[in-house]
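Just below is one structure, and these are the notes that go with it.
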Amino acid sequence: MKRAVVVVCDSLRRDMMTTETTPNLLAIASRSVVFKDFSPVFPSVTRASSPAIATGCHPVNHGILGSAMVIDEGTGPVCASVGDPDFVDRLRKVRGTVLFRPTISELLQDVGDAKIFSNVSAGAAYLLDPEGYGYVYHRAGSYGPGRKPVPAADRLDIAVGIEGDAEMTRRFCRDVIEGGVVFGTLWLSEPDNAGHNSPLGSPTHIAAIKSADRCVGNVLEAIAVVDPHFTETVLFVCSDHGMNSVRRTIDIAYQLVHSGFKSSYHSDDIVVADSGTSARIHISNSAKDRKQDLINFLNNQDWVDRAFSSDDLHDIGSPSCPGTSIVIAMAGDNVANEYGVSGMSDCAIGPDEVDQQIGVGQHGGAGFGEVQPFLFVRGPNLRASVSEAKVSLVDLAPTILEHLDVKPPRMDGRSLLPIMTRWAV
């Protein structure tokens with residue numbers, strides 16, 4: 001039976017893999033196709049990355065634009081956290097659908113079960129299959145087809161972090177690998193969880209990387225039992241993005257009020273949706289005449305790398321998104337932190353957030369460490385090699401579907417199978 005397995009080590013930078021910290025990952029790499037030029041989507045956040053993997057499309061085409069989004073539920077535009085467990089239901093009520101493109105789970109409904117195990121934010125987990133064509137297991141609630149809650153005995157009662165990831169991996173190996181499921185995704189919370197709460201390269205962060213590596217090793221051991229020669233299984237091991245260290249924090253809403261662009265801190269003429277080291281500014285009709293002046297203002301701030309009109313995003317690898325909004329990539333540099341990990345960025349903070357701790361990890365933009373995810377692929381007829389092809393998160397879905405003999409619909413990504421079966425570099 002053909003199967004596809006995806007394992008995501010959230011936020012793991014490829015330049016932080018060593019023989020000491022990631023022996024299992026390096027062992028897999030030595031037997032896989034390694035993509036040297038693998039890039040995240042923009043913004044480089046999990047809540048936009050998970051539907052990018054699920055749909056094979058960039059955020060502006062699948063419809064999830066960052067860690068937070070501006071929505072109007074009838075009382076005016078407000079900033080809502082995409083990570084909240086109820087976000088998919090709120091978004092469905094606002095626009096009638098959650099994602100604009102079908103997910104892998106939907107496209108495989110006539111082929112076999114799809115099971116997703118995720119220990120990141122609830123919103124990011126549910127966006128992998130928001131309509132419930134397969135199974136999604138998460139600590140905030142686990143659902144089967146039709147988004148019906150699973151029986152109590154099948155719930156994923158774990159905590160975020162190392163121990164929770166380990167327990168989730170045991171369940172994944174039993175239910176997906178040993179259970180003969182056609183498509184399975186294991187999305188680990190580490191090292192992202194540790195990275196957001198401790199300096200990159202610190203003992204706490206390194207312990208989290210080692211934990212993710214052990215989970216990957218457990219998955220490989222489980223596959224070795226059912227398909228030791230990878231004659232039917234294609235395995236994708238990757239991260240969705242990397243991380244930079246927080247250099248300083250910026251309350252963009254305050255800056256816009258102070259500069260006269262926004263009427264008041266909680267006004268809805270201009271609403272800021274922050275996504276770590278990037279942000280999207282929604283401009284209402286009453287303020288649309290301020291847009292160009294606002295772009296000029298932002299591009300003159302030392303905390304902004306670049307401010308884009310939403311219809312001019314190609315420079316950061318994103319399709320255009322016509323509308324009255326501005327996208328900000330926060331400023332940064334390649335300076336190393338106290339543990340020798342390069343990459344610092346300014347971080348956008350929202351009006352209701354606790355101030356981000358200086359020196360810990362963050363992502364969302366296009367800083368040095370943020371754009372260093374990794375991708376290893378092992379599968380039938382694929383020899384160990386290194387590919388220099390430029391590939392992205394959006395290429396996973398069409399590759400998975402081709403392996404499973406399902407013709408994909410229109411996607412931004414392309415299947416990597418033709419690339420991987422060529423004579424590699």
| remark: Per the list (1) within 17 Å of D251 (Cα to Cα); (2) part of a strand (DSSP E or B); (3) at pLDDT 95 or above, residue check on I326 breaks on (3)
| request: Check whether at least one residue in the range 125-140 is in contact (Cβ under 8 Å) with a residue 40 or more places away in the chain, buried (at least 24 other Cβ atoms within 10 Å of the Cβ) and not in a loop (DSSP other than H, G, I, E, B), and report yes or no. | output: yes
| field | Single residue of the range 141-173 satisfying the filter (open to solvent by 60 Å² or more (accessible area, probe 1.4 Å) and touching a residue at least 40 places away in the same chain (Cβ under 8 Å)) that is nearest to K115 (Cα to Cα) | value | R170
| Flag for A27 being under 30 Å from H403 (Cα atoms), surrounded by fewer than 24 Cβ atoms within 10 Å (Cβ to Cβ) and of a type in the set (G, A, S) | yes
| From R280, R248, which residue is under 19 Å from H363 (Cα atoms), surrounded by fewer than 17 Cβ atoms within 10 Å (Cβ to Cβ) and out of contact with any helix residue (DSSP H, G or I) (no Cβ under 9 Å at 6 or more places or on another chain)? | R248
| request: May I ask you to verify whether S81 is open to solvent by 10 Å² or more (accessible area, probe 1.4 Å), of a type in the set (S, T, N, Q) and either closer than 27 Å to G164 by Cα or touching a Leu at 6+ places or on another chain (Cβ under 8 Å) (or both)? | output: yes
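Residue-wise test of (1) assigned to a loop (DSSP other than H, G, I, E, B); (2) more than 17 Å from the chain's Cα centre (by Cα); (3) surrounded by fewer than 19 Cβ atoms within 10 Å (Cβ to Cβ).
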| position | (1), (2), (3) |
| --- | --- |
| G369 | yes, no, no |
| P373 | yes, no, no |
| V377 | no, yes, no |
| T399 | no, yes, no |
| E402 | no, yes, yes |
| K407 | yes, yes, yes |
| M411 | yes, yes, no |
| field | Residue match in the range 35-45 (condition: within 25 Å of N218 (Cα to Cα), surrounded by fewer than 20 Cβ atoms within 10 Å (Cβ to Cβ) and out of contact with any His (no Cβ under 7 Å at 6 or more places or on another chain)) | value | yes
| at pLDDT below 95, farther than 21 Å from L25 by Cα and not hydroxyl-bearing (S, T, Y): does that describe G180? | yes
| request: Could you list all residues from the range 215-239 that are within 21 Å of the chain's Cα centre (by Cα) and either under 20 Å from L12 (Cβ atoms) or open to solvent by 50 Å² or more (accessible area, probe 1.4 Å) (or both)? | output: C215, V216, V219, L235, F236, V237, C238, S239
| said: So if I check each of A212, A194, which one is closer than 19 Å to Q357 by Cα, buried (at least 24 other Cβ atoms within 10 Å of the Cβ), modelled with pLDDT of 95 or more and small (G, A, S)? | reply: A194
| query | From the residues in the range 57-77 that are crowded, with 16+ Cβ neighbours inside 10 Å and of a type in the set (V, I, T), which one is nearest to F308 (Cα to Cα)? | reply | V60
| said: Would you confirm whether or not the range 224-236 contains a residue that is touching a Ser or Thr at 6+ places or on another chain (Cβ under 9 Å) and over 20 Å from M168 (Cα atoms)? | reply: yes
| remark: The one condition L12 fails out of (1) open to solvent by less than 20 Å² (accessible area, probe 1.4 Å); (2) touching an Asp or Glu at 6+ places or on another chain (Cβ under 9 Å); (3) over 23 Å from H196 (Cα atoms); (4) of a type in the set (A, V, I, L, M) is (3)
| 3 or more residues touching a Pro at 6+ places or on another chain (Cβ under 6 Å) and among the aromatic types (F, W, Y): qualifying strands (runs of 3 or more DSSP E) within the range 27-96 | none
| Is there a residue being within 27 Å of L235 (Cα to Cα) and either among the aliphatic types (A, V, I, L, M) or under 12 Å from the mean Cα position of the chain (by Cα) (or both) anywhere in the range 67-75? | no
| request: Looking at (1) modelled with pLDDT under 90; (2) exposed (fewer than 14 other Cβ atoms within 10 Å of the Cβ), find the lone condition where S318 falls short. | output: (2)
| query | Going by the structure shown, is D268 farther than 30 Å from L393 by Cβ, in contact (Cβ under 8 Å) with a residue 60 or more places away in the chain and open to solvent by 10 Å² or more (accessible area, probe 1.4 Å)? | reply | yes
| Just to be sure, is R95 of a type in the set (K, R) and open to solvent by less than 60 Å² (accessible area, probe 1.4 Å)? | no
| task | Considering each of G146, G112 in turn, give the residue that is part of a helix (DSSP H, G or I) and farther than 23 Å from S189 by Cα. | result | G146
| said: Being modelled with pLDDT under 95, open to solvent by 10 Å² or more (accessible area, probe 1.4 Å) and within 25 Å of I349 (Cα to Cα) is the requirement here; does V120 meet it? | reply: no
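The values are calculated or read from the model by the stated rules, or taken from the named source; none is laboratory data. All figures in this text were calculated on a predicted structure; none of them were measured in a lab. When we count neighbours, we look across all protein chains shown, and the Cβ atoms used for this are built from the backbone with ideal geometry, even at glycine. Ligands, DNA and RNA are excluded from the accessible area calculation, which covers all protein heavy atoms including side chains. Shrake-Rupley method; radii C 1.70, N 1.55, O 1.52, S 1.80 Å.
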